[in-house]
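Have a look at the structure below, then the notes.
The values are calculated or read from the model by the stated rules, or taken from the named source; none is laboratory data. Not measured: the values here are computed from a predicted model. When we count neighbours, we look across all protein chains shown, and the Cβ atoms used for this are built from the backbone with ideal geometry, even at glycine. When the accessible area is computed, the model is the full protein with side chains, heavy atoms only, and any ligands, DNA or RNA have been set aside. Shrake-Rupley method; radii C 1.70, N 1.55, O 1.52, S 1.80 Å.
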Amino acid sequence: MSSFTSQIFIERLIQKNFNFFTGVPCSLLSGLISCLEEVEDAHYIPSVREDAAVGLCAGAYLSGSQPVLLMQNSGLGYCLNAFTSLNLIYRIPVLVIMSWRGQGGKDAPEHLIMGDISQKLLETAGMNYSVLKPENCDQVVEIALRKINEEKLPYTLLVEKGLFDERY
Amino acid sequence: MRGIEVFQEIIPLLKDEPVVHANGFICRESFALQDREENFYMIGSMGLASSIGLGVAICKPDRKVIVLDGDGNVLMAMGTLAMIGAEAPNNLVHVVIDNEVYESTGKQRSISNAVALEQVAKSSGYREALRVDKKEEIKPAFERLMNSEGPGFLLIKVEACFDPKTGRVTHTPEEIKERFMNTLLPH
Ligand SMILES: Cc1ncc(C[n+]2csc(CCOP(=O)(O)OP(=O)(O)O)c2C)c(N)n1
Ligand SMILES: [Mg+2]
C-alpha cells in the first residue's frame, strides 16, 4: 500500500525546521503523535484544548521557534477567535495539521456538520489550506512554508481518513 | 487596593522580562503607564495570554517570563493552568489581577469571588501560589516568585476601578509583535 508514513511526514517537517509540536489528539493523527513521541529530535506537548494550543504555538513562534499544531477539525470552532484575533492580525504563523472527520458525509453523526463546513469555515476566516495527499506532500509543504515564512500567516493541511497509519 | 496600583508596584521591578498581557484594561493600563518593547499586548484572543506566555517560557528557558492576566481571562482558559502545572517551566510567573468582574466590558461579575484561583493553580502543579490583597504585599510576593523556581502564581485581589478613559494601545498588532520578537532574539 501507500509508502507515505507518519514517520516520513514528520521527518520532512523536522527537515524543514519545524521544531515545536503540540495539539489535541484525533485517531486519524494517532500515528503522527506516536511518531513525535518516539522521534529523538522532536518533542510533543499535549494541549488541553485546541485554542490553548494556538496560544502555545504563538508563544513558541514569538520566541523564534517553528510551531506545528495537530488537531481534529472538531476543534476548529474553538480556534476561530484565536486565529482571527491573534494569528491573522499580528501575522503569527503556525502550521496546522487538521484531521478531516466527517468528510463526504461518511462518519459518526457528531462529525457530519463540521466535516461538511470545515473548508468553508477556513475560507471564510481567510485561513489558507490544502488537502494533504501522498503525491502532493512536498508541494503543499513548500506552499505552507511560503505562507509561513514570507506572508507570516497560518497554513492548514487537511488530513483525510486513511492517509496516515493509525495507532489506537 | 485599586487595579492601577498593581502596575505601579510591579513595573518598577521589571528589567528586560517579556510580559504577556491579557486583553482589555490590563493591556491598556500597562501601556498607558509605561510602554515597553518587551510587552506583548494581546488585544484579542481572550484567555490565551497564559498559553502564549507558556510557549515563550518553554522556548526561552533562560528568560524569566511574566503573564499579567485577569480573573475573567483565567476562568475562560482554566485548562491552561493545568498545562502550565504539567509542563512546569521554572521561568514562568503568572500574575492575576482579580477584580471579580469583567471590568473592561462594564464590570459584569465574574465568578472569581467563589473560586479560589490560587488553589486551582496550586493543585494544577504550580510550584508556588500566593494570594495578596494589600498593596504593600505585592512587592515582596512578586520578588519572591521572581527569585524562586517557578511556575509561580500570584493572585492580587483588587477593587474594580480602572479608569475607563484610559487610552487604547496605539501600536498596530504587527508592531507589537515585531518589537516583542526583537527583544527575545538571542543576544
Ligand atoms: C472571546 C471573547 N469574549 C468576550 C470578550 C469581551 N471582553 C473583552 S475584555 C473582557 C473582560 C476580561 O476580564 P478580565 O480578564 O477579568 O479583565 P478585566 O476587564 O476585569 O480587567 C471581555 C469579556 C472578548 N474580547 N473575547
Ligand atoms: Mg477582571
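Descriptive notes on the structure:
- Selection from region B:133-150 of residues that are in contact (Cβ under 8 Å) with a residue 40 or more places away in the chain and either within 16 Å of ligand 2 (Cβ to nearest atom) or of a type in the set (Lys, Arg) (or both): B:Asp133, B:Lys134, B:Lys135, B:Lys139
- Test: residue in region A:42-59 that is surrounded by fewer than 21 Cβ atoms within 10 Å (Cβ to Cβ) and at pLDDT below 95: yes
Results for (1) away from chain A (no Cβ under 14 Å); (2) over 16 Å from the mean Cα position of the chain (by Cα), shown as yes or no for each residue.
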site	(1), (2)
B:Ala86	no, yes
B:Leu92	no, no
B:Asn99	yes, no
B:Gly106	yes, yes
B:Lys122	yes, yes
B:Arg127	yes, yes
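- Tally, over region B:100-131, of residues that are among the charged types (D, E, K, R) and either over 18 Å from B:Gly3 (Cα atoms) or open to solvent by less than 80 Å² (accessible area, probe 1.4 Å) (or both): 6
- Within region B:162-187, considering residues that are away from every other protein chain (no Cβ under 14 Å) and surrounded by 14 or more Cβ atoms within 10 Å (Cβ to Cβ), the one farthest from B:Val74 (Cα to Cα): B:Thr166
- Any hit, region A:65-80, residues being in contact with a Cys (Cβ under 7 Å, 6 or more places away or on another chain) and farther than 23 Å from A:Glu160 by Cα: yes
- Unique residue being surrounded by 14 or more Cβ atoms within 10 Å (Cβ to Cβ) and either of a type in the set (D, E, K, R) or within 16 Å of ligand 2 (Cβ to nearest atom) (or both) when the list is A:Lys120, A:Lys133: A:Lys133
One line per residue, one yes/no per condition, for (1) within 30 Å of B:Thr172 (Cα to Cα); (2) of a type in the set (Gly, Ala, Ser):
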| residue | (1), (2) |
| --- | --- |
| A:Gly55 | yes, yes |
| A:Leu76 | yes, no |
| A:Ser85 | yes, yes |
| A:Gly104 | no, yes |
| A:His111 | no, no |
| A:Gln119 | yes, no |
| A:Gly126 | yes, yes |
| A:Leu132 | no, no |
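Residue-by-condition table, conditions (1) more than 23 Å from B:Leu13 (Cα to Cα); (2) under 10 Å from the mean Cα position of the chain (by Cα); (3) more than 9 Å from chain A (Cβ to nearest Cβ):
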residue: B:Ile43; (1), (2), (3): yes, no, no
residue: B:Met46; (1), (2), (3): yes, no, no
residue: B:Ile52; (1), (2), (3): no, no, no
residue: B:Cys59; (1), (2), (3): yes, no, no
residue: B:Asp62; (1), (2), (3): no, no, yes
residue: B:Ile66; (1), (2), (3): no, yes, yes
residue: B:Gly79; (1), (2), (3): yes, no, no
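- Neighbours by Cβ (under 8 Å, 6+ apart or cross-chain): first from region B:151-178, among the hydroxyl-bearing types (Ser, Thr, Tyr); second open to solvent by 30 Å² or more (accessible area, probe 1.4 Å): B:Thr166/B:Arg28; B:Thr166/B:Ala32; B:Thr170/B:Phe31
- Matching residues in region B:14-28 - criterion: being out of contact with any Lys or Arg (no Cβ under 7 Å at 6 or more places or on another chain) and assigned to a helix (DSSP H, G or I): B:Phe25, B:Ile26, B:Cys27
- The residue pairs whose first member lies in region A:80-107 and is within 11 Å of chain B (Cβ to nearest Cβ), whose second member is among the acidic types (Asp, Glu) and open to solvent by 10 Å² or more (accessible area, probe 1.4 Å), and whose beta carbons are closer than 7 Å, counting only pairs six or more residues apart or on different chains, are A:Ala82/A:Asp51; A:Tyr90/B:Glu174; A:Arg91/B:Glu174.
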